[in-house]
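To start, the structure itself, in structure tokens.
No lab work stands behind these numbers, since they all come straight from the coordinates. None of the values given here were measured: they were computed from a predicted structure. Note that each Cβ is placed from the backbone with ideal geometry, even for glycine, and that neighbours are counted across all protein chains shown.
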Amino acid sequence: MTTFSLNKIGQIHINVKDVDQATAFYKDVLGMTHLFQVPGMSFFDCGGIMLMLGLPTSAEFDHRSSLVYYQVDNIAAAHKTLVERGVIFTETPNFVANMGKRDLWMGFFLDTEGNTLAIRSYVPKGTKPE
């Protein structure tokens with residue numbers, strides 16, 4: 001008997017108020033691959049996961065987004081690049097957890113809609129990302 005589990009993200013929806021402005025931010029500032037845009041929605045490929053920026057379709061969906069964590073290889077380099085592009089970090093990358101043979105580091109920033117997003121990276125145990 002197979003056990004059912006939700007273990008793969010297929011799409012993430014982030015609410016926005018201005019689709020064009022948000023599309024430019026995710027495409028030009030964050031460097032994500034833009035797939036297509038239709039009225040009220042814009043879609044990106046994020047490592048095989050579809051990211052949708054969209055206007056809320058009703059009052060019950062009109063809220064800030066869930067937190068999305070972007071995995072990066074080099075958190076220090078990613079942080080530097082994003083800051084150079086004008087991204088505002090609410091928390092610079094820092095040690096979060098000992099994961100055994102490596103450490104988990106995270107940094108948090110805002111998009112144009114005030115949604116909190118994060119970058120995360122595994123680094124060799126006991127070292128500081130450079």
Highest first, please rank the peptides 22-28, 70-76 by the mean number of other Cβ atoms sitting within 10 Å of their residues. 22-28, 70-76
Largest to smallest principal axis extent of the C-alpha atoms in segment 66-130, angstrom: 37, 25, 16
Once the other residues with Cβ under 14 Å from the Cβ of Val16 are scored (Lys, Arg +1; Asp, Glu -1), what is the net sum? -2
Semi-axis lengths, Å, the chain, gyration tensor of Cα atoms, sqrt of 5 times eigenvalues: 27, 20, 13
Tilt of helix 75-84 relative to the longest C-alpha principal axis of the chain, in degrees (0 to 90, nearest 10)? 50
Restricting to the chain, compute how many DSSP beta bridges are antiparallel as a %, nearest 5. 75
Could you work out [θ]222 nm for the chain from helices alone, using -39500 (n - 2.57) per DSSP H run of at least four and dividing by all its residues? Round to the nearest 500 deg cm²/dmol. -3500 deg cm²/dmol
Could you point to the residue in His13, Thr57, Thr3 farthest towards the positive end of the chain's charge dipole, with +1 and -1 charges on the Cβ of Lys/Arg and Asp/Glu respectively? Thr3
Lysines near Lys125 by alpha-carbon distance under 18 Å, same-chain residues fewer than 8 away left out - which ones? Lys101
Note, Leu110: beta-carbon cut-off 15 Å, +1 each Lys/Arg, -1 each Asp/Glu, net -1
Taking the Cα centre of segment 66-130 as origin, work out the dipole magnitude from +1 charges on Lys and Arg Cβ and -1 charges on Asp and Glu Cβ, in debye rounded to 20. 320
Which lysines, on any chain, are close to Lys17 with Cα under 28 Å apart, when same-chain ones fewer than 8 places away are left out? Lys8, Lys27, Lys80
For the chain, what is the charge dipole size about the Cα centre, in debye to the nearest 20, if Lys and Arg each add +1 at the Cβ and Asp and Glu each add -1 at the Cβ? 560
Which of Gly100, Ala22, Val68 sits farthest toward the positive end of the charge dipole of the chain, with +1 on the Cβ of Lys and Arg and -1 on the Cβ of Asp and Glu? Gly100
